[in-house]
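Chemist: Before anything else, here's the structure in question.
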Amino acid sequence: MIDIPRMVEHFLQLVRIDSLSRKERKVALALKKDLSALGASVSFDDAGKKVNGNVGNLIAKIPGNRSAPTLLLSAHMDTVVPGEGIKPILDGEIVRSDGTTILGGDDKSGISIIVETLRSLKGENLPHGDIEVIFTVCEEIGLAGAKHLDVSRLKSRYGLVLDCTGTGRLFTHSPSSDRMEFTVHGLEAHAGMCPERGISAIKVAAEALADMRLGRIDDETTANVGTIEGGMATNIVPNKTSVKAEARSHSEEKLQEQTDHMRRCFQEAASRHGVQVDGKYVQAWIDEKIWRDYDRMAVPTDSEIVRLVTKAARDLGLKIETRSTGGGCDANVFNKKGITVVNLATGMHDIHTVKEWVSTGEMASSASILLQTIVLNAQGA
C-alpha cells in the first residue's frame, strides 16, 4: 500500500531544496540518504563535470528478492526558473507554490513517487527483481544528464521515466527535435547619414521569418523561433542578428523537410540583400549551426514495459491511456541508447509556470500503478 501522507511529506521537503539545472547537488545528497536507507548502493557519475554542474547523475541499485528482469526507474532532479526559495502550499489534495516561483513538481513529483514506491516495496516485503534508479541532472537544458549517462553500467533493458503531466497517461511516442542557430551578417553604417551603405541584419532576419512556416505544421510536426538578438543602437544599421529556433516531428522525413525549409528561408532572404560600397560589392550572409537535440521515442504498445503497466492499471481498476506527446524527455535518450523506456504521468499540471500545481491523489494513483508494475515484473506476469 502506498503511504500517501509519507509521500506528500517527502515531496514537500524535496521542493524546498533548490535544484536549478547544474545546481542539483543538495537535492542529490538528500536522495542519496533516502535511497541508502532502503538498502541501495548509490553512486554518482561524471555527468556533472561534462555539463559544468556541481553533481552528476545519481545511480542507485537495489537488489531484488526474486529472480526477474532488472527494471529501470528514472526522473530528473533539476528544475526551471524561477525555482529558488520555493514555498509549497498544501490545500487538501492540491500542492502549489505561493505564486512567486514554480512548484518543482516537474520533476520532483516523479522522484517522490519512485521513493515512496521503493519504501512500500521494502516495508511490505513485496516481490521485486533488481531495480536500477537513475535521477538525472540537467534534463531541462537539453536532456544533458541522460545524454552523458554511460548505460553500460546498467543491466536494465526496459523501464519507466516518471515525468509528464496529468494522470492515467503513458507516453509511448514523442518526436525527434532539431535545434538551430542562425547568425545573419549584414553591414553596419550610420542610420541617419548613409543608411544606403549598410545592410540591416535585422531586416534580413525579419524577411526570413516572414516567409517561414512556424507553429503547428501538421499533426506530427511543429516549429518555433525562440529568441532573436541583434543591433547595438538605433542610429546604427545592425550588422549582426542571432536567431535560435527548433523543429520537431514524429516523422524523420517531415523533420528534415521542415529544417531544410527554415534554412532556405534564411539563405534566400540573405541573397536578396547586397550593397556596393567604395567599389566593392558586399552580400549579406548566414552562419548556421544545426544539430539533432534528441531522437524520437516510438515504443510499440505490445512491448513488455507497456504490457506490464497497462496490466498493472487494469488490476487496480485504474485507467491508463497510451499517448503521443510533442515534448521530449529523458526517455527519448534512454531509448536511443537501447533501453526501452516509456513515460508515466505523475499528477503535475501547469508546469514551467508560477501557477504550477500537483494533485497528490494523482501522484498516489501513479505510485500504485508503479508498485503493481514492479510486482508483476517479479512474478513474470
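The values are calculated or read from the model by the stated rules, or taken from the named source; none is laboratory data. Predicted model, so just to flag it, every value in this text is computed and none were measured. With ideal geometry, Cβ positions are generated from the backbone for all residues, glycine too; neighbour counts draw on all protein chains shown. Surface accessibility is based on the protein's heavy atoms, side chains included, excluding ligands, DNA and RNA. Shrake-Rupley method; radii C 1.70, N 1.55, O 1.52, S 1.80 Å.
Chemist: Check whether at least one residue in the range 289-298 is touching a Pro at 6+ places or on another chain (Cβ under 8 Å), open to solvent by 20 Å² or more (accessible area, probe 1.4 Å) and within 22 Å of Glu257 (Cα to Cα), and report yes or no. Explain how you work it out, then say what you get.
Modeler: Of the residues in the range 289-298, the ones touching a Pro at 6+ places or on another chain (Cβ under 8 Å) are 296.
Still in the list and also open to solvent by 20 Å² or more (accessible area, probe 1.4 Å): 296.
Filter once more, so that each one left must be within 22 Å of Glu257 (Cα to Cα): 296.
Within the range 289-298 (the criterion being touching a Pro at 6+ places or on another chain (Cβ under 8 Å), open to solvent by 20 Å² or more (accessible area, probe 1.4 Å) and within 22 Å of Glu257 (Cα to Cα)), the answer is yes, since at least one residue qualifies.
Chemist: List the helices (runs of 4 or more DSSP H) that sit entirely inside the range 1-102 and contain at least 3 residues that are open to solvent by 70 Å² or more (accessible area, probe 1.4 Å) and farther than 17 Å from Phe135 by Cα.
Modeler: On the way: elements: 4-15, 25-36, 47-50.
Qualifying helices (runs of 4 or more DSSP H): 4-15.
Chemist: Is it the case that some residue within the range 328-343 is modelled with pLDDT under 95 and part of a loop (DSSP other than H, G, I, E, B)? So that I can check it myself, show each step before the final result.
Modeler: First, pick out the residues of the range 328-343 that are modelled with pLDDT under 95: 328.
Then keep just the ones that are part of a loop (DSSP other than H, G, I, E, B); that gives 328.
Looking through the range 328-343, at least one residue is modelled with pLDDT under 95 and part of a loop (DSSP other than H, G, I, E, B).
Chemist: Next up: Check whether at least one residue in the range 362-371 is outside any helix (DSSP H, G or I), within 22 Å of the chain's Cα centre (by Cα) and not β-branched (Val, Ile, Thr), and report yes or no.
Modeler: First, the residues of the range 362-371 that are outside any helix (DSSP H, G or I): none.
No, the range 362-371 has no match at all.
Chemist: Further, regarding this structure: Could you tell me how many of the residues in the range 216-263 are assigned to a strand (DSSP E or B) and free of Cβ contacts under 8 Å to residues at least 12 places away in the same chain? Give the steps one after another, and end with the answer.
Modeler: If we filter the range 216-263 for residues that are assigned to a strand (DSSP E or B), which is where we start, we get 216-218, 221-230, 236, 240-249.
Now restrict to residues that are free of Cβ contacts under 8 Å to residues at least 12 places away in the same chain: 216.
Final tally of qualifying residues: 1.
Chemist: While we're here: Scan the range 152-185 for residues that are open to solvent by 10 Å² or more (accessible area, probe 1.4 Å) and either touching a Gly at 6+ places or on another chain (Cβ under 7 Å) or farther than 29 Å from Leu255 by Cα (or both) and jot them down.
Modeler: Ser152, Arg153, Leu154, Lys155, Asp163, Thr167, Gly168
Chemist: A follow-up question, please. Among what's in the range 299-320 and is out of contact with any Gly (no Cβ under 9 Å at 6 or more places or on another chain), among the β-branched types (Val, Ile, Thr) and assigned to a loop (DSSP other than H, G, I, E, B), pick the residue that is most open to solvent (accessible area, probe 1.4 Å).
Modeler: Kept after step one, since they are out of contact with any Gly (no Cβ under 9 Å at 6 or more places or on another chain), are these residues of the range 299-320: 299-304, 306-312, 314-317.
Then drop every residue that is not among the β-branched types (Val, Ile, Thr), which leaves 299, 301, 306, 309-310.
Subset that is assigned to a loop (DSSP other than H, G, I, E, B): 299, 301.
Working: Val299: 3, Thr301: 91 Å².
This residue is Thr301.
Chemist: Listed residues Ala247, Ala269; which is farther than 21 Å from His185 by Cβ, modelled with pLDDT of 95 or more, open to solvent by less than 70 Å² (accessible area, probe 1.4 Å) and in contact with a helix residue (DSSP H, G or I) (Cβ under 7 Å, 6 or more places away or on another chain)? Walk me through how you get there before you give the answer.
Modeler: Details: Ala269 fails: farther than 21 Å from His185 by Cβ.
Of Ala247, Ala269, the one residue that is farther than 21 Å from His185 by Cβ, modelled with pLDDT of 95 or more, open to solvent by less than 70 Å² (accessible area, probe 1.4 Å) and in contact with a helix residue (DSSP H, G or I) (Cβ under 7 Å, 6 or more places away or on another chain) is Ala247.
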